[in-house]
Ligand SMILES: C[S@@+](CC[C@H](N)C(=O)[O-])C[C@H]1O[C@@H](n2cnc3c(N)ncnc32)[C@H](O)[C@@H]1O
């Protein structure tokens with residue numbers, strides 16, 4: 001784990017109680033807005049498995065599990081956030097929570113139909129690796145959804161954060177990893193939403 005990741009882990013361990021109590025709106029409305037946007041866009045999408053990278057206290061999985069009969073995995077660097085997610089998701093079948101790093105996802109290649117990442121990416125000291133790891137664990141035809149703070153509306157990274165992006169620069173990261181970008185827009189002035197499809201290999 002890098003020094004930057006250690007700072008993230010301690011920071012989120014320290015705020016897990018309050019973060020969970022407010023479904024992520026403790027210090028900003030942005031995580032919940034992005035999670036609700038993702039749930040709305042996936043409402044009519046059928047999928048069998050979804051990984052939420054940087055799942056925090058489990059809000060996104062909790063709403064999706066109420067609407068989709070699928071297997072859900074959540075990964076986070078903060079054990080305290082994962083404890084809160086486990087409490088929130090205790091009654092939801094088919095959920096697996098794992099402590100880990102976005103830069104080295106502990107799953108075999110082609111494990112998931114969908115990978116999401118909400119308001120976590122700006123903490124990663126290895127943006128390209130995080131996107132290529134998402135690509136690796138997605139099945140062919142799988143969907144990656146990345147929603148994060150927007151560099152133009154939110155600004156440069158603050159203490160404990162690593163880098164901020166725009167819908168355009170995040171889309172470039174996805175393309176560089178091999179994704180076909182499907183959606184790229186700003187749900188609010190301070191956030192972006194991009195999604196990319198892992199192409200199917202020609203047979
Ligand atoms: C602002 S919270 C967002 C949580 C959740 N996605 C949501 O929308 O409510 C950011 C989360 O990213 C996690 N995180 C930060 N750096 C990480 C890394 N390198 N790998 C995995 N998770 C990380 C933090 O522990 C924290 O739970």
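The values are calculated or read from the model by the stated rules, or taken from the named source; none is laboratory data. This structure is a prediction, so every number in the text was calculated from the model and none was measured. For neighbour counting, all protein chains shown are included, and Cβ atoms are generated from backbone atoms with ideal geometry for every residue, glycine included.
The figures follow:
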{"read-out": "Condition met for residue 110 (part of a helix (DSSP H, G or I) and more than 26 Å from residue 14 (Cβ to Cβ))", "value": "no"}
{"read-out": "Which listed residue is modelled with pLDDT of 95 or more and either under 22 Å from residue 25 (Cβ atoms) or in contact with a helix residue (DSSP H, G or I) (Cβ under 7 Å, 6 or more places away or on another chain) (or both), from 138, 146, 71", "value": "146"}
{"read-out": "Subset tally (residues that are without any contact (Cβ under 8 Å) to a residue 40 or more places away in the chain and under 21 Å from residue 126 (Cβ atoms)) for segment 1-25", "value": "3"}
{"read-out": "Of the criteria (1) surrounded by fewer than 23 Cβ atoms within 10 Å (Cβ to Cβ); (2) within 13 Å of the ligand (Cβ to nearest atom); (3) on the phi < 0 side of the Ramachandran plot, which one residue 23 fails", "value": "(3)"}
{"read-out": "Answer residue from segment 123-140, given it is in contact with a strand residue (DSSP E or B) (Cβ under 7 Å, 6 or more places away or on another chain) and outside any helix (DSSP H, G or I) and is surrounded by the most Cβ atoms within 10 Å (Cβ to Cβ) among those", "value": "138"}
{"read-out": "Residues within segment 78-122 that are more than 14 Å from the ligand (Cβ to nearest atom) and out of contact with any strand residue (DSSP E or B) (no Cβ under 6 Å at 6 or more places or on another chain), tallied", "value": "8"}
{"read-out": "Among (1) closer than 16 Å to residue 124 by Cβ; (2) touching a strand residue (DSSP E or B) at 6+ places or on another chain (Cβ under 6 Å), the one test that residue 184 misses", "value": "(1)"}
{"read-out": "Residue 33 vs. criteria buried (at least 21 other Cβ atoms within 10 Å of the Cβ), touching a residue at least 24 places away in the same chain (Cβ under 8 Å) and more than 8 Å from the ligand (Cβ to nearest atom)", "value": "no"}
{"read-out": "Test: residue in segment 144-152 that is within 20 Å of residue 11 (Cα to Cα), assigned to a strand (DSSP E or B) and within 14 Å of the ligand (Cβ to nearest atom)", "value": "yes"}
{"read-out": "Odd one out for residue 67, checked against (1) within 24 Å of residue 154 (Cα to Cα); (2) surrounded by fewer than 21 Cβ atoms within 10 Å (Cβ to Cβ)", "value": "(1)"}
{"read-out": "Strands (runs of 3 or more DSSP E) fully within segment 1-103 counting 2 or more residues that are farther than 25 Å from residue 167 by Cα", "value": "71-76, 95-99"}
{"read-out": "Matching residues, segment 181-203, being farther than 20 Å from residue 153 by Cα and either surrounded by 14 or more Cβ atoms within 10 Å (Cβ to Cβ) or touching a residue at least 12 places away in the same chain (Cβ under 8 Å) (or both)", "value": "181, 182, 196, 197, 198, 199, 200, 201"}
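Conditions tested, residue by residue: (1) at pLDDT below 95; (2) closer than 14 Å to residue 195 by Cβ; (3) under 16 Å from the mean Cα position of the chain (by Cα).
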residue	(1), (2), (3)
4	yes, no, no
21	yes, no, no
26	yes, no, no
34	no, yes, yes
42	no, yes, yes
49	no, no, yes
57	no, no, yes
